[in-house]
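First the structure, in the form of structure tokens, and then the observations on it.
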Amino acid sequence: MKTTIKSSLIAIVCLLTGTFVNAQSMSKKYKTIKVEIVIDAPAERVWKTMVEDYGEISNFSPYIYTSNYINGSLKGIEGATRKCAFNEKGTRWTHERIAEIDKSSMTMRNIVIDAQKFPLNMDNSQAFYTVRDNGDGTATAGYEFQYRTKPAFMGGFVKGQFKKQLGGTLVGLKHYIETGEIVRAGNGKYDEIKDTYPKPTVIKVKS
């Protein structure tokens, strides 16, 4: 049971691991997690890795084994879709879509459109990818995850795990951009490097 729940939680990270779409009602009460990390690279480069290389999230997420564009998508633009695999056999997966992009503010909204199975109310969940230019040659990358679980009572129970996994993905992103080394599930790189970087900042958000 614990293994199943943990695997289900990891699948949700691909949201983040990265949403604006008409199908998302967000009409029910949801919880919010926001995490940020400073990356020693220009904002444009961070944006390219997080958003424009949308189908290649497995290059830096320690929770994703493989990721690929699907349905004819070739790059990270509005409407692009990808498939993320969360176990080695590829039997636990999500299909995701970029629902909206605002390049001027470097903000992207991502949604899950199909999944193997995990405890997420898809109609009331979305993830925002953000990049902020710090004006000194560095950039701040962030994920904001607004979610409602199914069943709803699990929302508080899983929040701590979500924070950990979102933070881990940002650490992987930082390492990949700054060194070029891939950080993905199964290659052991995250365990090697996770304690060499400051922990991502958790931003308090009312939810």
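A Stokes-Einstein calculation at 25 °C with viscosity 0.890 mPa s, built on the Kirkwood radius of the range 154-207 over Cα pairs, returns a diffusion coefficient of 199 µm²/s. If you bin all the Cα-Cα distances of the range 62-155 at 10 Å, starting from zero, the percentages per bin are 15, 39, 35, 10, 1. Annotation for the range 29-74: trypsin sites (Lys or Arg not before Pro) lying in DSSP loop with at most 11 further Cβ atoms inside 10 Å of their Cβ are 29. Sorting 203, 193 from the fewest to the most surrounding beta carbons within 10 angstrom yields 203, 193. Other residues within the sphere of radius under 10 Å centred on the Cβ of residue 142, judged by their own Cβ, net out at 0 (K and R +1, D and E -1). Loop-located GluC sites (Glu not before Pro) in the range 42-90 (DSSP state other than H, G, I, E, B) with a sparse environment of at most 11 neighbouring Cβ atoms within 10 Å: 88. Once both labels are positioned 7 Å from their Cα atoms along Cα-to-Cβ, the gap between residue 181 and residue 163 label points is 2.8 nm.
No value in this document is a laboratory result; all are computed from the given coordinates. Being a predicted model, the structure only gives us computed values, none of them experimental. Glycine gets a Cβ as well: all are built from the backbone with ideal geometry, and neighbour counts include every protein chain shown.
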